[in-house]
1. Given Cα pairs under 8 Å that are at least 6 residues apart, what percent is the relative contact order of the range 154-289?
2. Can you list the lysines whose alpha carbon sits under 23 Å from that of K80, skipping same-chain ones fewer than 8 residues off?
3. Does the range 157-290 come out rounded, prolate or oblate by the C-alpha gyration tensor, with a ≥ b ≥ c the root eigenvalues, rounded set by a/c under 1.5 and, if not, prolate when a/b is larger than b/c and oblate if not?
4. Among R87, R119, R160, which one shows the biggest mean-square fluctuation in a GNM of the chain, springs joining Cα atoms closer than 10 Å?
5. Give a residue-ordered list of calculated ³J(HN,Hα) values for the range 154-166 (Karplus: 6.51 cos²θ - 1.76 cosθ + 1.60, θ = phi - 60°; whole Hz; x for Gly, Pro).
6. Assuming a viscosity of 0.692 mPa s and a temperature of 37 °C, what translational diffusion coefficient in µm² per second does Stokes-Einstein assign to the range 101-214, Rh being the Kirkwood radius over Cα pairs?
7. Just G242, G133, G164 to compare: in a GNM of the chain, with alpha carbon springs under 10 Å, which one fluctuates most?
8. Skipping prolines and chain starts, which residues have an amide H placed within reach, meaning under 5 Å, of the one on A89, given they are 5 or more residues away or on another chain?
Amino acid sequence: METFLQFLFSGLTVGAVYAIVALGFTIIYNASDVINFAQGEFVMLGGMCTVFFSLWGLPLPVAAVAAVIATSLLGVALNKLAIEPARGANVVTLIIITIGASIFLRGLAQVVFDKQFHRLPSFSGDTPIDVLGATLTPQSLWVMGGAAVIVVLLWYFFTRTTFGKSILATSHNRLAARLVGINVELVLLASFALSAAIGALAGILVTPITLTSFDAGTMLALKGFAAAILGGMGNPLGAVVGGLLVGVAEAMGAGYLSSEYKDAVAFVIILAVLFVLPSGLFGRRGTERV
């Protein structure tokens, strides 16, 4: 029982990060139909910028806020410089553009920062918490709690604010949204900025546990994409559930089978979902985006 709980806690911690990454995919996909494979780099930049801003003398909370702002600006730049000029391109072209942006951001991080692994200090110390014989680190609570807060804030933003409803309206019908006076271009910019910001927050929360480096975002993007596919691309609830399921499946596979197969779990899930349930757990069936 203790072993199972230990694997479960580990899976929920990393799954919370995958859920946040999947939410980033969902926000941009709903607003612009773009699958942004640079989402993992937003997570990496959140962690790396916080590490180096703190090394350059900023207090950790200020460094974290500055990292979120800097990453959000990069998200806006990605939309303005890469996505918007190719707005009429087909889906494959847009995916290739985001993959190219991912490679560019990795190279930029390597040049601006370095190639080393870095970590942040735990927010509440490293003394483990005993839960029914299993141990849980305080930082894991920060990760899971932070993910829960992000989900609640996003729910409030999209359902209770005018601008959030404008993003939802744009995702349903861009032409109709434009006709009723919604600034679609601003909505798309805000979607990229918001997606980058929550990705940066995920990076800040998880860096004290997993470390970060210039290439840490690649695998996070793939696993976040697996979570989004599992939950149903474009469905926020599905992104959260998919992220947690991928994280738990990965932890259980690594614990009970072999850690060598840990990274393969997400790819197996992608293939299984595409073969068995192409629309995902919460995806819309038999519909077409128009």
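1. Numbers: 115 pairs, mean separation 22.8, N = 136.
Computed over the range 154-289, the figure is 17 percent.
2. Of all the lysines, those that pass the test against K80 - Cα under 23 Å, at least 8 places apart if same chain - are K165.
3. oblate
4. Comparing R87, R119, R160 in the GNM, the peak value goes to R160.
5. Using θ = phi - 60°, the values come out as 5, 4, 5, 4, 7, 10, 10, 10, 5, 5, x, 5, 5 Hz.
6. On the way: Rh = 17.1 Å.
Translational D for this selection: 192 µm²/s.
7. Comparing G242, G133, G164 in a Gaussian network model of the chain, the most mobile one is G133.
8. Hits under the 5 Å cutoff: none.
The values are calculated or read from the model by the stated rules, or taken from the named source; none is laboratory data. Since the structure is predicted, the reported quantities are computational estimates derived from the model, not experimental observations. Using ideal geometry, Cβ is built from the backbone for each residue, glycine included, and neighbour counts are taken over all protein chains shown. Areas reflect the complete protein model, heavy atoms only, side chains present, ligands, DNA and RNA absent. Shrake-Rupley method; radii C 1.70, N 1.55, O 1.52, S 1.80 Å.
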